[in-house]
Amino acid sequence: MQERFDYFRAAPEPMKAMVAFENAVSGSGLERSLIELVKTRASQINGCAYCIHMHTKDARADGESEERLYLLSAWRESSLYTLRERAALEWTEALTLIAETAAPDDVYERLRAQFAEEETVKLTLLIGAINVWNRIAVGFRSQHPVVSDAA
């Protein structure tokens, strides 16, 4: 697969705005570990290798365990995630797959049991941002760095 073109060069002003939006939502005060789990889970659903690579690397740098990263796609079957993380991951999946889920009331209620209104908005914006990044990276075929010679 080959990158299609440099989207930052092609449309610098909108991309600067996207980076500013990303910085705002990533710096919103939500826990770093939660942010990286949400970004990674949405990226898994969207099949974005570039973003999965980036956010698992960032999560590890922030102290996330390999085990929790390995089990993220099966978080429902794992006891390694807190109720707050579970609510965020469920909301992430519901919004990432919104055409299928329509953001169900029961998912929202579990979210609201763990997140205040302001946090709910911040989390929702975070989910929106990573979904935009996934669409940019997948659509323009962004390439993640090669980390080994294994093929």
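For Val132 and Leu80, the FRET efficiency from 1/(1 + (r/R0)^6), where r spans their Cβ atoms and R0 equals 22 Å, is about 0.20.
Panel order for Asp6, Asp106, Asp58, by other beta carbons found within 10 Å of each beta carbon, from fewest to most: Asp106, Asp6, Asp58. Working note: Debye formula, equal point scatterers on the alpha-carbon atoms of segment 1-58, no solvent; log10 I(q)/I(0) at q = 0.13 Å⁻¹ is -0.42. Fewest neighbouring Cβ atoms within 10 Å first, the residues His53, His144 line up as His144, His53.
Taking 7 Å steps out from each Cα toward its Cβ at Asp58 and Asp106 produces label points 3.2 nm apart. Each 10 Å bin, from zero up to the one with the longest distance, holds this percent of the alpha carbon pairs of segment 27-115: 17, 52, 29, 2.
Within the shell defined by Cβ-Cβ distances under 14 Å, the residues around Ala59 carry a net charge of -2, with Lys and Arg each +1 and Asp and Glu each -1. Residues Met18, Met1, Met54, ranked from the fewest to the most other C-beta atoms within 10 Å, line up as Met1, Met18, Met54. Hydrophobic, long helices, defined as DSSP H runs whose alpha-carbon span along the helix axis is 30 Å or greater and whose mean Kyte-Doolittle value is at least -1.0, occur in the chain at 117-139.
Rounded to the nearest 0.05, the FRET efficiency derived from the C-beta distance between Tyr70 and Glu117 at R0 = 41 Å is 0.80. Across the alpha-carbon set of the chain, the Rg to Rh ratio works out to 0.97, Rh being the Kirkwood radius. Looking at the P(r) of segment 69-151, how many percent of alpha-carbon pairs lie beyond 17 Å? Percentage above 17 Å: 58.
Bear in mind these aren't lab numbers, they're just calculated from the coordinates by the rules spelled out. Values in this document were obtained by computation on a predicted structure and should not be read as measured data. No Cβ is skipped: glycine too gets one built from the backbone with ideal geometry, and neighbour counts run over all protein chains shown.
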